[in-house]
Structure formats: C-alpha cells, structure tokens
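*Asks:* The structure is given below, and queries will be raised subsequently.
The values are calculated or read from the model by the stated rules, or taken from the named source; none is laboratory data. Remember, it's a predicted structure, so these values are computed and weren't measured experimentally. In this analysis, Cβ positions are derived from the backbone assuming ideal geometry, glycine residues included, and neighbour counts consider all displayed protein chains.
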Amino acid sequence: MTEHYFSQKPQSKSSPKQWNYRLRGKNYIFTSDVGVFSKNEVDFGSKLLIETFSQPEIPGEVLDLGCGYGPIGISIADFLEDRTIVMADVNERALELAEVNAKQNSISNVQFVQSDQYSNLQNHKFASILTNPPIRAGKKVVHGMLEGSKAALHKGGEIWVVIQKKQGAPSAIQRLESLFGNCETVTRSKGYYILRSIND
C-alpha cells in the first residue's frame with residue numbers, strides 16, 4: 001500500500017530537515033520530514049492562505065485543520081496572540097513536527113489534537129477554521145472537512161479554504177454555498193482559490 005501524507009502513522013524512515021521561511025513579514029524556522037505534506041518548503045497554497053487570512057470579528061479559538069508540520073497554525077498564532085489556535089491532523093508524525101516547530105518559534109498559544117477530520121474536536125467550537133485540505137485523500141475526505149465545519153463553527157464564524165481550480169475549487173464552492181448559503185472567493189493566484197464562508 002502506498003503511504004501518503006494523510007496516513008495516520010507514516011512508516012517511512014524519518015529523515016528530518018530544517019529550513020527558514022518568511023510568512024506575513026516574519027522569519028520562521030521549520031523542521032519537516034518525509035511522510036508529511038510539502039516537506040521541503042511551505043507550499044504556495046498554504047502561503048497564500050496565511051497571507052490572505054483576516055481575523056474573525058467574533059471571539060473564540062481558531063482551528064488549523066490538517067495542520068501538517070504547522071506553518072499555517074504557527075504563523076496565525078503569532079498573528080493572533082490573544083487567541084488559542086488548535087492544530088489538528090490525522091498524521092501523528094506531522095503533529096509531532098508541528099509541536100516542535102511551535103516551540104522553536106516560541107509560539108505558546110497553540111494546542112495539538114490528533115484527529116481524523118473532526119473526530120476528536122467535538123468539545124470545541126471555533127471562530128475560524130483554516131484548511132488546506134488533502135486533495136490526494138479524495139473528494140469524500142475533502143468535502144467531509146467542509147461539511148463538518150458547519151457544526152464546528154460558532155454563529156458568525158468563518159471557514160477559510162485554499163484549493164486549486166483544477167483540483168476541485170468549483171465543486172468546493174458549490175458545496176460551501178449549499179452548506180452556508182454563501183461563499184466568497186477572497187483572492188485567486190496561480191490557479192489557487194482562497195474561499196471563505198460565514199456561518200450566519
């Protein structure tokens with residue numbers, strides 16, 4: 001069976017590497033590894049989501065769903081110092097790396113949860129959910145992440161999604177509109193869409 005970055009327990013031999021990356025005008029140190037998504041640099045979609053995101057108007061926690069080794073959650077936690085950022089992933093190696101990366105960037109307003117989509121997040125409600133969904137896991141998983149967000153958001157909360165047009169942006173827009181009655185394309189760049197829906 002082929003191993004993917006959305007495997008719960010990657011079996012590939014660990015070979016960590018460390019590098020620097022600039023997000024929202026600040027330099028970060030990241031440690032990544034084999035068996036996680038975009039292990040050599042912050043991928044363009046995640047960077048676009050990080051740079052585009054604006055904080056919600058309502059109070060509450062923020063969720064980085066499918067956090068990988070942590071660039072989205074860590075940089076947003078740095079931006080929103082007065083909020084707790086919950087970082088969740090099914091991949092245990094990725095979650096361990098996210099915890100390492102939070103510590104080495106002196107980010108403390110974060111919480112880590114091993115969770116398959118929303119399975120271990122029932123005790124939380126969020127002001128914002130950010131996700132760069134695992135396209136290779138298939139449409140059922142990606143749309144499950146969208147569909148589960150409705151119950152996980154406070155009233156007035158927002159879900160932010162980055163997705164490429166060729167990898168399903170039109171159907172994601174359609175699904176978000178059917179769930180929330182709204183879906184804004186906040187920005188587009190190089191085929192990537194940043195989508196936002198509000199839980200009115």
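*Asks:* Residue 58 is checked against (1) at pLDDT below 85; (2) surrounded by fewer than 18 Cβ atoms within 10 Å (Cβ to Cβ); (3) not acidic (Asp, Glu) and fails just one. What number does that condition carry?
*Replies:* So residue 58 meets the others, but not (1).
*Asks:* Of all residues being of a type in the set (A, V, I, L, M) and not in a helix (DSSP H, G or I) in the stretch 161-172, which is surrounded by the fewest Cβ atoms within 10 Å (Cβ to Cβ)? Just the residue, please.
*Replies:* 163
*Asks:* Which one of 116, 64 is surrounded by fewer than 23 Cβ atoms within 10 Å (Cβ to Cβ), acidic (Asp, Glu) and either within 24 Å of residue 150 (Cα to Cα) or modelled with pLDDT under 95 (or both)?
*Replies:* Sole residue among the options that is surrounded by fewer than 23 Cβ atoms within 10 Å (Cβ to Cβ), acidic (Asp, Glu) and either within 24 Å of residue 150 (Cα to Cα) or modelled with pLDDT under 95 (or both): 116.
*Asks:* Consider residue 106 against the criteria (1) over 25 Å from residue 187 (Cβ atoms); (2) surrounded by 17 or more Cβ atoms within 10 Å (Cβ to Cβ): it satisfies all of them except one. Which criterion is unmet?
*Replies:* (2)
*Asks:* Let me ask something else. Looking at the stretch 145-160 only, could you name the residues that are outside any helix (DSSP H, G or I), under 16 Å from residue 131 (Cα atoms) and out of contact with any helix residue (DSSP H, G or I) (no Cβ under 6 Å at 6 or more places or on another chain)?
*Replies:* Within the stretch 145-160, 153, 157, 158, 160 meet the criteria.
*Asks:* Would you call residue 88 touching a residue at least 24 places away in the same chain (Cβ under 8 Å) and either within 27 Å of residue 14 (Cα to Cα) or part of a loop (DSSP other than H, G, I, E, B) (or both)?
*Replies:* Criteria met by residue 88.
*Asks:* Moving on. Can you tell me which residue among 116, 82 is in a loop (DSSP other than H, G, I, E, B), among the charged types (D, E, K, R) and free of Cβ contacts under 8 Å to residues at least 40 places away in the same chain?
*Replies:* 82
*Asks:* Is the stretch 36-54 home to any residue that is of a type in the set (Ser, Thr, Tyr), farther than 24 Å from residue 115 by Cα and not in a loop (DSSP other than H, G, I, E, B)?
*Replies:* Yes, the stretch 36-54 has at least one match.
*Asks:* To continue, here is another question. Which pairs have Cβ atoms under 8 Å, sit 6 or more apart or on different chains, and link a residue in the stretch 14-26 that is free of Cβ contacts under 8 Å to residues at least 40 places away in the same chain to one that is assigned to a strand (DSSP E or B) and of a type in the set (A, V, I, L, M)?
*Replies:* Going by the 8 Å Cβ cut-off, the qualifying pairs are 18/29; 19/29; 20/29.
*Asks:* Right, another one. Can you tell which of 144, 70 is surrounded by fewer than 24 Cβ atoms within 10 Å (Cβ to Cβ) and among the small types (Gly, Ala, Ser)?
*Replies:* The match here is 144.
*Asks:* Kindly evaluate residue 94 against the criterion of being crowded, with 22+ Cβ neighbours inside 10 Å, within 29 Å of residue 154 (Cβ to Cβ) and modelled with pLDDT of 95 or more.
*Replies:* Here the answer is no, as residue 94 does not meet what is asked.
*Asks:* Right, next: Is at least one residue of the stretch 173-184 in contact with a helix residue (DSSP H, G or I) (Cβ under 9 Å, 6 or more places away or on another chain), part of a loop (DSSP other than H, G, I, E, B), at negative phi and surrounded by fewer than 18 Cβ atoms within 10 Å (Cβ to Cβ)?
*Replies:* Yes, that holds for at least one residue.
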